[in-house]
Amino acid sequence: MVGFKVLLGMNTHGGLNMQVIWMVVFVLVTFTVGYVGYSKYLANQLVELDDDRETPAHKYEDGQEYVPSKKPVLLGHHFSSIAGGAPIAGPLTAVAAFGWLPALLWVAIGNPIFGAVHDFMALASSTRHEGKSIGYIIGEYVGERGKKMLLWFAFLLVILVIAAFVFLIAAVFNAYPAAATSSILYLALAILFGLYLYQLQGPFLPGAALFTAGIFAGVWVGMTYPLALAPVDGAPAGTIVLFESGPMLDLLETLPLAEALGPNFAGWALLTVVYAFFAATLPVWVLLQPRDFLTSTILYTGIGAMLLGVIVGTVLGFTAVEVEVAGHDDVLIESLTADWAAFAGFVHGDILGIDGVGPLLPFLFLTIACGTISGFHSLVSSGTTAKQLDKETDARTIGYGAMLGEGLLALTAIIAVTLAAATVTAFADLSNAIAMFPAGGGALVSVFGISASAGATFIALLFASFLLTSTDTATRLGRYMIEELIGTPEGSFQETMSNRYANAGVCVLGGYILVASGTWESIWPLFGGANQLLAVLALLVATVWLANWDDNKQLLTTGIPLVFMSVVTIVGLTWISVLSNPNRILQIGEVNWETVALASQSIVGIILVGLALSLLYMGLTNVREVRAGVSPEPDAVADGGEPVERGGDDD
């Protein structure tokens with residue numbers, strides 16, 4: 001009884017004073033049950049994985065795209081591809097808005113029955129359809145129009161990814177000038193690593209060890225020489241400020257975001273856009289490939305250190321630490337207990353979402369996208385990972401298991417921010433919550449004898465490296481989508497837009513316009529809603545596939561997540577586009593960067609809802625016709641990847 005009272009004591013914010021170790025235990029239990037039980041059913045009975053069936057990687061092996069890969073190698077590549085900055089940012093925002101308990105429950109329960117199912121089914125369906133993308137698969141069943149609509153939807157999502165992550169990168173660099181220095185060094189090391197591997201033909205293992213060590217050395221350099229573009233309150237002593245006065249500072253002060261968040265924040269946002277443009281147009285060997293390897297090293301180290309830090313600190317004891325965060329109060333963490341409200345209220349801000357996120361239902365489920373369920377993963381699982389799957393049974397570990405791994409990353413974000421909330425003024429300002437993740441993470445790794453400041457710098461670098469990776473990868477994907485939508489160029493305009501510099505410019509400019517509102521409360525839920533709607537469409541593809549495969553296949557496994565996510569995402573995006581943003585525009589009462597961005601966000605949101613409703617109608621019509629015995633589109637691809645001729649007229 002004494003232990004129960006300690007566990008459920010009240011903290012200074014009116015929340016449960018729970019030791020965070022119990023969060024870890026709860027999530028590990030639900031994830032273990034999901035993997036051992038549910039994923040086994042999915043693999044063996046629903047999808048009937050069979051190692052005797054030839055995978056696309058073997059059937060079409062070409063040494064470039066179709067390459068059979070060992071399960072541990074492909075698992076690492078897939079995990080690092082899906083685990084970007086979003087599973088950190090979403091939980092941070094949700095904890096600040098609604099409390100840690102709703103966020104924890106959505107990750108612990110939603111991940112194994114929604115997100116992991118989504119990723120596994122996207123991978124399995126692609127494997128059975130020759131390693132093709134979900135756009136190709138939906139086109140096989142509902143026609144070319146459905147494929148084009150899904151491609152446009154994915155392109156608009158890419159623009160939102162750029163907008164959201166530009167904001168996040170600027171927030172991290174603004175709060176942790178040391179991380180800005182470390183991140184610049186990290187990118188330089190990645191380029192040098194690429195030159196070492198592909199131009200000098202250096203041996204991999206010695207080079208990997210050398211450049212990985214260089215990243216950790218870069219943390220020390222960042223702490224010694226923190227970097228800011230413009231003056232920022234609370235910056236560490238010795239911070240190098242590039243533009244303390246003069247015309248360059250005046251220029252930074254005129255940029256979008258500068259008035260609301262400061263010239264340093266605005267400057268980093270603009271530089272991130274410029275970085276994304278150039279990184280997305282470079283050959284992949286120059287930056288993308290070597291950086292992804294180095295990022296995965298940081299990822300494994302960071303997640304492992306934080307989760308192990310919870311265990312070690314709980315068992316052996318935790319010493320209070322204080323972390324300096326530029327632009328915020330210093331963060332004092334005295335124990336490994338949740339120091340924020342378990343439930344912060346059903347509504348964050350006002351009910352319309354003008355001065356906050358809005359109501360928990362539907363916005364909790366849009367705010368935490370990656371970490372529980374993410375449509376972006378379907379783009380990775382289908383058409384990319386599926387081309388490298390050695391055996392069908394590997395899909396269980398790679399598709400279902402990797403998503404559980406991303407859930408653990410989301411868990412570290414929930415833990416870190418609840419630890420760091422105690423001494424932060426106006427923590428419920430969501431941009432403050434973003435800056436608290438490195439502080440909480442630094443406290444966790446301090447149990448290993450590392451200074452909390454060094455730990456916070458490393459965790460900030462981890463966060464920034466994910467965000468930089470996701471930003472330029474999204475820009476590159478946007479380039480490819482523009483080129484695919486154009487096809488063979490006809491006329492000077494299409495010829496211009498087929499140029500990699502022009503289409504990359506369109507992507508980053510679109511993202512910069514959307515981020516210019518400077519309102520995290522509108523940017524992140526809009527991105528989350530679009531991402532979750534893509535997950536809806538991936539679940540739709542899986543449901544259509546199962547229905548066409550066998551009349552006896554049950555559709556509840558994909559159908560229940562499909563219906564639930566359809567409702568919350570469509571309601572949420574409509575809420576933002578029709579209620580929140582227009583009311584914010586009226587409240588501002590003038591035309592400026594913010595109102596233009598808010599109006600653009602509303603337009604994008606309405607287009608996304610329209611595309612999704614059209615695709616849902618087409619897909620569910622196909623399911624209804626199949627189950628009713630009415631012939632759907634011809635030549636739909638069945639379970640084994642062999643075309644099955646179907647009767648009826650082609651519309």
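The values are calculated or read from the model by the stated rules, or taken from the named source; none is laboratory data. Because the structure is a prediction, the values reported are computed rather than measured. So basically every Cβ, Gly included, is an ideal-geometry build from the backbone, and we count neighbours across all protein chains shown. Only protein heavy atoms, including side chains, enter the accessible area calculation; ligands, DNA and RNA are left aside. Shrake-Rupley method; radii C 1.70, N 1.55, O 1.52, S 1.80 Å.
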Fill in the blank from the handout: Rounded to one decimal in nm, the spacing of the 7 Å Cα→Cβ label points at Val36 and Tyr501 is 5.8
Problem - Among (1) 34.9; (2) 25.0; (3) 28.1, the entry derived from the coordinates for Kirkwood radius over Cα pairs in Å - result: (2)
Completion exercise
When the charge dipole of the chain is computed with +1 on Lys and Arg Cβ and -1 on Asp and Glu Cβ about the Cα centre, the Cα farthest towards its positive end, among Asn111, Ala180, Val232, belongs to Asn111
Exercise for the section: Classify region 15-80 as rounded, prolate or oblate from the Cα gyration tensor: take a ≥ b ≥ c as the square roots of its eigenvalues, call it rounded if a/c is under 1.5, otherwise prolate when a/b beats b/c and oblate if not. Expected result: oblate
Practice task
Output the relative contact order of the chain, whole-number percent, from Cα pairs under 8 angstrom with separation of 6+ residues.
Solution key: 26
Handout entry: Average accessible surface area per residue within the chain, 1.4 Å rolling probe, Å²
Key = 37
Completion exercise
Karplus-derived 3J(HN,Hα) from phi for region 594-607 (6.51 cos²θ - 1.76 cosθ + 1.60, θ = phi - 60°), whole Hz, x at Gly and Pro, runs 5, 5, 4, 5, 5, 5, 5, 4, 4, 4, 4, x, 5, 4
Fill in the blank from the handout: Interchain or sequence-distant (5+) residues whose placed amide H lies within less than 5 Å of the amide H of Met18 are Ala338
Practice task
Quick one: of Lys40/Lys391; Lys70/Lys147; Lys71/Lys387; Lys40/Lys71; Lys59/Lys391, which pairs are farther than 23 Å apart, Cα to Cα?
Solution key: Lys70/Lys147
Handout entry: By average C-beta atoms within 10 angstrom, highest first, the peptides 552-562, 592-602, 528-538
Key = 528-538, 592-602, 552-562
Completion exercise
Rounded to the nearest 5, the percent of DSSP beta bridges in the chain running antiparallel is 75
Practice task
Rounded to the nearest 0.05, what FRET efficiency do Thr574 and Thr319 give with R0 = 41 Å and r taken as the Cβ-Cβ distance? Could you check?
Solution key: 0.25
Practice task
For the chain, give the magnitude of the charge dipole about the Cα centre (Cβ charges: +1 Lys/Arg, -1 Asp/Glu; no others), in debye to the nearest 20.
Solution key: 820
Fill in the blank from the handout: In terms of the charge dipole of the chain, which places +1 on Lys and Arg and -1 on Asp and Glu at the beta carbon, the residue among Thr384, Gly405, Leu336 farthest towards the positive end is Leu336
Completion exercise
By the mean-Cβ-within-10 Å protection proxy, highest first, 225-237, 81-93, 492-504 rank as 81-93, 225-237, 492-504
Exercise for the section: For region 557-562, just list the computed ³J(HN,Hα) in residue order, Karplus coefficients 6.51, -1.76 and 1.60, θ = phi - 60°, integers in Hz, with x standing in for Gly and Pro. Expected result: 4, 9, x, 5, x, 4
Completion exercise
Computed about the Cα centre, the charge dipole of region 276-349 from +1 Lys/Arg and -1 Asp/Glu charges at the Cβ has a magnitude in debye, to the nearest 20, of 440
Completion exercise
Diffing region 92-99: the Karplus 3J(HN,Hα) column from phi (6.51, -1.76, 1.60, θ = phi - 60°), in whole Hz with x for Gly and Pro, holds 4, 5, 5, 4, 5, 7, 10, x
Completion exercise
Per the C-alpha gyration tensor (a ≥ b ≥ c, the square roots of its eigenvalues), region 446-593 is rounded if a/c is under 1.5, else prolate if a/b beats b/c, else oblate; here it's rounded
Practice task
Would you mind getting me the FRET efficiency between Ala188 and Lys148? Use the beta-carbon distance for r and R0 = 30 Å, nearest 0.05.
Solution key: 0.15
Fill in the blank from the handout: Given Cβ charges of +1 for Lys and Arg and -1 for Asp and Glu, the option among Leu462, Ile450, Leu534 whose Cα lies farthest towards the positive end of the dipole of the chain is Ile450
Handout entry: Amide proton proximity set for Ile240, modelled H, under 5 Å, gap of 5+
Key = Leu227, Ala228
Completion exercise
About its Cα centre, region 313-380 carries a charge dipole, from +1 on Lys and Arg Cβ atoms and -1 on Asp and Glu Cβ atoms, whose size in debye to the nearest 20 is 460
Exercise for the section: Show me 261-270, 445-454 ranked by packing, highest mean number of other Cβ atoms within 10 Å first. Expected result: 261-270, 445-454
Completion exercise
Label model pair Glu334, Phe26: point-to-point distance (7 angstrom along the Cα→beta-carbon line) in nm is 2.4
Fill in the blank from the handout: By the C-alpha gyration tensor axes a ≥ b ≥ c (rounded if a/c is under 1.5, else prolate when a/b exceeds b/c, else oblate), the shape of region 150-237 is oblate
Problem - Long-range HN-HN contacts of Gly202 with modeled amide H, under 5 Å - result: Leu197
